[in-house]
Structures are given as structure tokens and as C-alpha cells.
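The values are calculated or read from the model by the stated rules, or taken from the named source; none is laboratory data. Because the structure is predicted, anything quoted here is derived from the model rather than measured. In this analysis, Cβ positions are derived from the backbone assuming ideal geometry, glycine residues included, and neighbour counts consider all displayed protein chains.
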């Protein structure tokens with residue numbers, strides 16, 4: 001692309017060379033192991049760097065996509081145009097504890113945040129111990145499992161607006177609902193969250209986490225690439241149950257398959273394309289609607305060039 005050389009020169013003024021990649025295959029940066037290349041993939045290490053990236057994006061008039069751990073996304077086969085900002089544990093994963101509060105940077109993995117809470121005898125984050133995402137992505141989607149969701153523990157969030165300004169949101173400001181937050185509309189980049197937890201017994205906390213982990217390992221296809229739960233939970237029911245009852249476990253299109261272990265997951269059996277997954281999602285929706293009269297909606301975030 002004509003802009004890449006000059007854009008790269010600007011990035012080098014405030015980032016290390018291992019903090020950005022041109023023509024980055026997104027199959028290497030998502031848990032689905034699927035997706036074409038992003039024009040440029042950037043790994044910021046501070047809110048200040050995020051602000052500078054946003055200002056540079058605006059200067060070059062480029063589209064910009066924000067990712068967490070890449071665990072709840074399907075990148076289309078033609079990839080992503082412009083800039084992808086990815087928050088990773090390596091560059092943006094610091095955590096600290098003050099009394100019953102945790103301050104966690106957006107790239108920290110949920111599992112490690114839950115373990116950090118347990119190490120500090122804090123309860124309330126056990127539900128997150130097996131969710132394969134980052135803390136930033138968990139806020140973006142209001143992630144939840146078993147007996148909890150992010151909505152219950154967020155005190156406030158520090159973010160950067162798309163024009164590079166620093167902002168803070170209280171938990172009440174975030175419009176947190178089922179797999180929804182205000183960040184899905186406001187184009188801000190989540191940088192740090194303050195979680196308000198409760199003091200508890202470390203053994204009880206660890207036992208609860210071990211139980212959740214065992215349930216997840218028993219029920220979910222953790223041995224195959226996926227984006228987690230593929231469909232949102234329809235009101236009054238479970239997507240996996242409806243798909244299973246429609247006899248769709250093992251249904252396959254190309255390299256994409258409805259998991260034989262948990263029907264709520266579409267998995268990559270090897271070499272699946274994004275189009276395979278999209279075609280399978282549409283077929284599952286069609287057959288579930290025909291059998292049950294229920295319209296399923298994807299929970300996975302579908303991004304990239306069509």
C-alpha cells in the first residue's frame with residue numbers, strides 16, 4: 001500500500017519494531033486460527049501509545065479495528081484493511097492489587113486476572129477463570145459464565161477516544177447487558193479497568209475455580225480452535241441445546257464443524273476458511289429455525305473485508 005512506508009516511519013518514532021507488523025495474517029492472532037491479513041497490526045504498551053496511534057490513524061485517514069485476545073472474533077478471508085490495534089498480555093497486561101480492588105490493563109488474560117484475584121484472597125472473579133479472552137475484550141462483550149458476569153465487578157474503566165483523548169467511565173456508564181457494552185458503539189479503546197471484589201477464603205476461591213475449570217474441560221471442545229460460544233443465548237433457552245436437538249452435532253462445511261462435544265461451538269477442524277464458518281452458521285440458523293422456530297444470532301464478532 002502506498003501509505004505503508006510513511007506510516008511505518010511514524011510508528012518507529014514511538015514504538016519498538018516488535019510492536020507492529022505489516023501484512024499480518026490474522027489466522028496467527030485469533031483463537032479460531034482463521035482470517036486473512038491485516039494491513040498493519042499494532043501492539044501498544046500504554047494508553048499514551050494508543051492515543052498516538054489513534055491520532056496517526058486519523059492523520060492518514062485509515063480505518064481502525066480494536067482487538068483483545070482475538071478469542072471472540074472471526075476475521076473474514078480477505079483480511080482487515082487499515083490498522084488493527086491488538087491488546088496483548090506481553091505488552092499491555094500489568095495487574096496490581098490495592099486492598100479489595102484490582103487494577104488490570106486491557107491485554108491481561110481473564111484466566112490470569114482470576115488467578116491474581118485468588119492469590120490476593122479476593123472473590124467475585126472466579127467465573128472468569130476459563131473464559132479465553134482478555135480483560136478488555138471481556139468488558140467490550142460483558143463476558144460472563146456460570147454464576148457471574150463482568151457487570152457485577154467493574155468499578156470504572158479508563159479508555160482512549162478515537163480522536164486520542166483520555167476518558168474514564170464508571171460501571172454505571174457502560175450500559176452493560178447480555179454480551180453488550182457502550183464500547184460497541186463509542187469506538188473507544190479500553191485500556192485499564194478497576195474491579196471491586198470482596199475478601200474471601202483463598203481455598204474456597206481456588207476450589208470454586210477448579211470446579212468451573214473441570215466443568216468447562218468436560219463440556220467444551222477446548223482441544224480444537226474456535227471463537228468460544230458461536231451463538232447468543234436465545235431468550236428462555238440455550239443455543240447449544242437447540243442445535244443438538246436439531247441433530248446438527250458434527251455437521252460440517254469445509255473445515256468448519258459443529259462440535260460433537262458441545263453443539264454451541266463451531267470449531268476449526270483444520271484449514272477452515274472464514275467462509276466455511278459463515279456458511280455453517282447460516283445453515284445452523286436455517287435448520288434450527290425450521291425445527292424450533294427460533295432465530296439464532298451469532299455471538300462471535302465477524303470482522304474484516306467481505
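The table that follows gives values for the structure above.
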{"item": "Residue in region 278-285 that is in contact with a helix residue (DSSP H, G or I) (Cβ under 8 Å, 6 or more places away or on another chain), within 15 Å of residue 76 (Cα to Cα) and at pLDDT 95 or above present", "result": "no"}
{"item": "Residue selected from region 16-25 under the condition in contact with a strand residue (DSSP E or B) (Cβ under 7 Å, 6 or more places away or on another chain) and within 12 Å of residue 42 (Cα to Cα), by the criterion surrounded by the fewest Cβ atoms within 10 Å (Cβ to Cβ)", "result": "23"}
{"item": "Flag for residue 195 being buried (at least 17 other Cβ atoms within 10 Å of the Cβ), in contact with a strand residue (DSSP E or B) (Cβ under 6 Å, 6 or more places away or on another chain) and over 30 Å from residue 96 (Cβ atoms)", "result": "no"}
{"item": "Test: residue in region 72-83 that is within 24 Å of residue 14 (Cβ to Cβ), buried (at least 24 other Cβ atoms within 10 Å of the Cβ) and assigned by TED's automatic domain parsing to the domain that holds residue 30", "result": "yes"}
